Amino acid sequence: MGDMTNSAVDFYPKNQRGESNHAGEFGCSLDELRSLMELRGAEGVQKMQDTYGDVNGFCRRLKTSPTEGLAGNPADLENRKQIFGRNFIPPKKPKTFLQLVWEALQDVTLIILELAAIISLGLSFYQPPGERSEMCGSAAGGVEGEGEAEAGWIEGAAILLSVFCVVFVTAFNDWSKEKQFRGLQSRIEQEQKFSVVRGGQVIQIPVSEIVTGDIAQIKYGDLLPADGVLIQGNDLKIDESSLTGESDHVRKSADKDPMLLSGKMQDGNMENSQNKAKKQDGAAAMEMQPLKSAEGGDGDDKEKKKAGSSKKEKSVLQGKLTKLAVQIGKAGLVMSAITVIILVLYFAIDTFVIQKLQWLPECTPVYIQFFVKFFIIGVTVLVVAVPEGLPLAVTISLAYSVKKMMKDNNLVRHLDACETMGNATAICSDKTGTLTTNRMTVVQAYVGEVHHKEVPDPDAIPSKTLDMLVNAISLNSAYTSKILPPEKDIGLPRQVGNKTECGLLGLVLDLKRDYQTVRDQTPEEKLYKVYTFNSERKSMSTVIKMQDGSFRMYSKGASEIVLKKCSNILNTAGEPRGFRPRDRDEMVKKVIEPMACNGLRTICIAFRDFPGSPEPDWDNENIILIDLTCIAVVGIEDPVRPEVPDAIKKCQQAGITVRMVTGDNINTARAIAIKCGIISPGEDFICLEGKDFNRRIRNEKGEIEQERIDKIWPKLRVLARSSPTDKHTLVKGIIDSLHGERRQVVAVTGDGTNDGPALKKADVGFAMGIAGTDVAKEASDIILTDDNFSSIVKAVMWGRNVYDSISKFLQFQLTVNIVAVIVAFTGACITQDSPLKAVQMLWVNLIMDTFASLALATEPPTESLLMRKPYGRNKPLISRTMMKNILGHGIYQLTVIFTLLFAGETIFNIDSGRNAPLHAPPSEHYTIIFNTFVLMQLFNEINARKIHGEKNVFDGIFRNPIFCSIVFGTFAIQIISSIPTNRLKFLKEAGHGTQKDDIPEEELNEDAEEIDHAERELRRGQILWFRGLNRIQTQIRVVKAFRSSLYEGLEKPESKSSIHNFMTHPEFRIDDSQPHIPLIDDTDIEEDAALKQNSSPPSSPNKNNNAIDSGINLTTDTSKSATSSSPGSPLHSLETSL
């Protein structure tokens, strides 16, 4: 809302600067208009008279005509927009993608991961100084293998990568949700149009185009698009409930209360939300002051909200996960500290006690190097302990759910709301529109002396009566009330205008008749006299002139009033018969009271014929509105949505209490609550009206007391005639209550502007997508796009599913972590060498965790989720059953791994991989351990699908194709990754050098050390020279092949084994005779190597690679090579490394 206040600020200077200018241009400034609109009733009239004389004077000041409107020339309109502002609320600036990224980074778990990763990365680049001397002793177990040292950075980088993934996915989710929400808003806003008078013509323009000084025409049922002053009107009433919460309509008239306020200028196409004009006609000078008045407070409000929004408590799951992450972090720290201490003690005792060596000054760097190595091992243990997959699992799970919830008509605006909903213990719901359809419908009728409990068949009614009934309803109703076809194919027909009249028109359609043809025969101007409905009459009557010159009056109204005026009733044959007071009492008892007990509103429809001459005195109502003939009595209700009772039953089974909070009267509310199943007979509950509720919860001073609320809310089921503040008080009371063993998690539904505070206060606020105002939507967490209560039940299901998915993933992840930490810990302490290498741990940690989080987070929800009580805020994330599963599986896995580690060589009759010398090739022994470990994790992934102790873990596994494909995919990759390369002969053709088994074994052994050295040097230096890892692999293979064929002729290779070393040799120059040595070439080298390896040397296709063409023919011809460069020369070494 920042923009809004800015815009307002922009206007002030203009006003002050140009006060005289305004006076010259318009006779009033923005501030004057603003203060005028803050007045009500008599004060407003007084101020008008004092300042402007009257409405016409006011119009003159605004340079507009009350009859012709504005001239409508573009320059004038633009000028008005400049001076008075535009008629729209600037939308809140959406957060930028970077802001969302920064917010996502604030997570505690991610911070722990980042620290671990940075330490791990920093240490992996630490290279110890100095050479070891014999005097300093050799520590047991030696330093890690060179390959390990090279791969040390992978672990840290991988964690950073996983953090990056999480942050990016989270930010992207938030961003796309925001975009969806904006799309929804703008779609709604573009649909709003309004009628204004410009240049004497009535035209329809978009609401945002209305300017100060426009004359607008209001008809019945319109929403006021802006604040204004009434110029003339006829019996105009306005529903200001979204501003004041007062449900009664406020009467407006030019002489008593001409101030019309827009519904805070919110969603215009919502019929029931803003100020509705309630009568036939009215015109108003809409003077805009779009950025203040009602909004002035709004700007500050929004600022307050901004400050307050950060205070909204963390979601249940977030709180628990943060706690868990910290606990795991602490446990990991303790384990790594113990590891370091044990290693240091082991080293110290071994070196200084057993070998009895002295600590010599020249040995200090060497010892420090050992200690740093121990520290690195400690950090490795810590890194293995931290569950880097966890934030990703949470994010994936929420993102997946949010996407799916969109299909279930829940537009989730705040990710965590989705999961909080799974813990909801109470729902406070509106009645109208959420539990009911918000469409008045005739459900019972008493016609022709028969009480029909359902809408009767047209054949069941005498035809005379039927015609009379259809005419009475069609003509004796505002012609603005209509039933239009539905907007979507599947929707219900739209009701426009007065809801009660629409219900009656619906009855005409149900009786297979068309009200429009009746109206076309008697257009509105031919109606002879209309007595409009008002609170004194409690009825509406319309007089029409018949063809023979006589008159007929149709009347309808509240049944108890109209029946008192009836002296006849149409019988089964459609003929009038006498209707005495005794008959009337019987009818009240047998028909009207049973209808009222069912929460129906009863309406009586009657008629009376008058002779054409002498014409009656129409103004004397007392003689006109008597002696009527009753046609029918109908019962109208706002029916409960068909799916609601079932949804509420599910909520109650799931341990969620549903409370109805409505502005309707208590009898209707109670009747609807019984129909919905919110209250059932024989239960101990209370239904209160807002007044009683307030009386009971406040002390003598009128302050609200929490303990008084605590006495009421546990049994309260219906709060009727409630104001928005009552709703907020109730929600706040339930949330703050300490009654019961757990704090309540409350969800609230709301649609009006006035529901904003309650929606903000609730743990989860649901706004109505169709009937809701912008303020309600901004305050909400989830928008119900179909306004339907049963969508809330879906949200509960998804919320619980998210919680369960996270638990499943935790069960899986913690098993992996416990086993990995213990294996790394014992390995480091007993064999000084971890059985699982960093790169293997990376595969398990990153790949399997990421995929497992995907697999377990996308489990679809089932109905069984609704059969248990909510978890509550204080229940630990890891339940006893889960703990049992984790420990049980952990012990099983450790037993298997340790058995294989210490007895594997005897079981499988292979060489032991333990205590292998440095730089030994990977052993079968450790490969078996790695494979076993991975496959155990894979099968544990299937176990992790159930966390409530179910026996069948395969139940519903094929409903989740993602899960199946991930398990099979991981399995396949694992098989491929552990096949020794030399078994895969077919890969040779792909341009690899000579394979190991092509080289005689003794040479291999001699070479091992040098190659390792060369490899190390190459890795460091040639990053500058060659691109990509492929290059390095190929070079190494070429080197090996070259060495094996030329080994005899070489001098000791250490001195010149890498490009680095030539650079330090002064004699290194590239002779001009060889000008074309490409130091970096993308493909040729590899192609050539492949070609020459696999065929007799062809004529070279490559003319500029002279160095190679001059004769490194890899496997066959050494003489040429010698001719091109003598073996000791630097050029030869360069070729070697190439």
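Values computed for the structure shown
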quantity: Sequence of 420, 517, 826 from largest to smallest accessible area, 1.4 Å probe; calculated: 517, 826, 420
quantity: For residue 948, solvent-accessible area (1.4 Å; no DNA, RNA or ligand), Å²; calculated: 90 Å²
quantity: List 467, 520, ordered by accessible area with a 1.4 Å probe, largest first; calculated: 520, 467
quantity: Per-residue HN-Hα couplings for segment 226-237 [Karplus 6.51, -1.76, 1.60; θ = phi - 60°; Hz; x = Gly/Pro]; calculated: 7, 6, x, 10, 6, 8, 8, x, 10, 6, 7, 10
quantity: Neighbourhood net charge (11 Å Cβ-Cβ; Lys/Arg +1, Asp/Glu -1) for residue 798; calculated: +2
quantity: FRET efficiency, 1/(1 + (r/R0)^6) with R0 51 Å, evaluated for residue 705 and residue 891 via beta carbons; calculated: 0.40
quantity: Calculated FRET value between residue 182 and residue 615, using beta carbons and R₀ = 60 Å, to 0.05; calculated: 0.45
quantity: Net +/- balance of residues flanking residue 728 in space, Cβ distance below 11 Å, scoring K and R +1, D and E -1; calculated: +2
quantity: Heavy-atom SASA rank of 759, 527 (probe 1.4 Å, accessible area, largest first); calculated: 527, 759
quantity: Potential lengthening between residue 881 and residue 622 on full extension [0.36 nm per residue; Cα-Cα distance subtracted]; calculated: 85.3 nm
quantity: Built amide H within the under 5 Å cut-off of residue 249, gap 5+; calculated: none
quantity: Burial order of peptide ranges 159-165, 641-647 (average beta-carbon count within 10 Å, highest first); calculated: 159-165, 641-647
quantity: Whole-number accessible area per residue in Å² for segment 725-863, which is evaluated in the context of all protein chains at 1.4 Å; calculated: 23 Å²
quantity: Hydrodynamic radius of segment 778-904 per Kirkwood, over alpha carbon pairs, in Å; calculated: 17.6 Å
quantity: Area of residue 851 that stays accessible when all protein chains are in place (1.4 Å probe, Å², to 10); calculated: 80 Å²
quantity: Burial order of peptide ranges 474-487, 804-817, 351-364 (average beta-carbon count within 10 Å, highest first); calculated: 804-817, 474-487, 351-364
quantity: Accessible-area composition of segment 346-440, carbon plus sulfur, in percent [1.4 Å probe]; calculated: 67 percent
quantity: Under 14 Å, Cβ to Cβ, from residue 454 - net charge with Lys/Arg +1 and Asp/Glu -1; calculated: -2
quantity: Computed accessible area, residue 803, all protein chains, 1.4 angstrom probe, square angstrom; calculated: 10 Å²
quantity: Segment 865-956 - percent of accessible surface contributed by carbon and sulfur, probe 1.4 Å; calculated: 63 percent
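The values are calculated or read from the model by the stated rules, or taken from the named source; none is laboratory data. Since the model is a prediction, treat every value here as computed from it, not as a measurement. Because the Cβ atoms are built from the backbone with ideal geometry, glycine has one as well, and the counts that use them run over all protein chains shown. We work out accessible area using only protein heavy atoms, side chains counted, and drop any ligands, DNA or RNA first. Shrake-Rupley method; radii C 1.70, N 1.55, O 1.52, S 1.80 Å.
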